[in-house]
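These notes concern the structure reproduced below.
The values are calculated or read from the model by the stated rules, or taken from the named source; none is laboratory data. None of the values given here were measured: they were computed from a predicted structure. Cβ: placed from backbone, ideal geometry, glycine included. Neighbour counts: every protein chain shown.
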Amino acid sequence: MRNRLDEAKTDLIARAAAVVDRSHAAPGTATEPFLRRYYRHVVAEDLVGRDPVDVVGAAMSHRGLAVRRPQGTALVRVFTPTVDEHGWSVGHSVVEIVTDDMPFLVDSVTMELSRDERPIHLVVHPQLVVRRDIAGDLVEVCDVSESDSSVSTNHPDAIVESWMHIEIDRESDPEAARGIEASLMRVLRDV
């Protein structure tokens, strides 16, 4: 049973990557390896059954947030994706975070959302090895693991970042979404 679910997840990621027109893929990112790395820790049960457009849309939206991140800063965005506005949807509001990798991030963020009585439906938390230029512009999402010993030798300027995609109950009030962003930025500064 487990192998069938894993195979279904692998197939879904391949179909999601096929959605992206290769000529429109973001520079420095091969879509399928990026999606595999992005969703590698998500259990198959949480992905299988989703539309490939929504799978690739969520990952590429997150990558879009990460395009510019000055060193030492955190990026937080809270929104409710719609097909009309974003080209994809997951039926929930989405919290996207890009920050330096450090201990207790997921615990701190999920505790803050719980304290704010925001039920969590899904957490996607890849630690990605990336390369950025001096201004913080994303140069490459490396197709290596954060524990791969070749990271420092093959990519001396590579850093490990924590990316979090968290799905919460729908929030239609823009002011409330900004409040969630502010409270999460405060928590990330404290961590």
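With the structure loaded, tell me whether Val53 is part of a helix (DSSP H, G or I), surrounded by fewer than 20 Cβ atoms within 10 Å (Cβ to Cβ), touching a residue at least 12 places away in the same chain (Cβ under 8 Å) and touching a Gly at 6+ places or on another chain (Cβ under 9 Å) or whether it fails that test. Considered against the rule, which asks whether it is part of a helix (DSSP H, G or I), surrounded by fewer than 20 Cβ atoms within 10 Å (Cβ to Cβ), touching a residue at least 12 places away in the same chain (Cβ under 8 Å) and touching a Gly at 6+ places or on another chain (Cβ under 9 Å), Val53 comes out as yes. Among the residues of segment 21-39, are any modelled with pLDDT of 95 or more, in a loop (DSSP other than H, G, I, E, B) and out of contact with any Gly (no Cβ under 9 Å at 6 or more places or on another chain)? Yes, segment 21-39 contains a residue that is modelled with pLDDT of 95 or more, in a loop (DSSP other than H, G, I, E, B) and out of contact with any Gly (no Cβ under 9 Å at 6 or more places or on another chain).
Scan segment 162-191 for residues that are at pLDDT 95 or above, of a type in the set (Asp, Glu) and surrounded by fewer than 19 Cβ atoms within 10 Å (Cβ to Cβ) and the total you get is 4.
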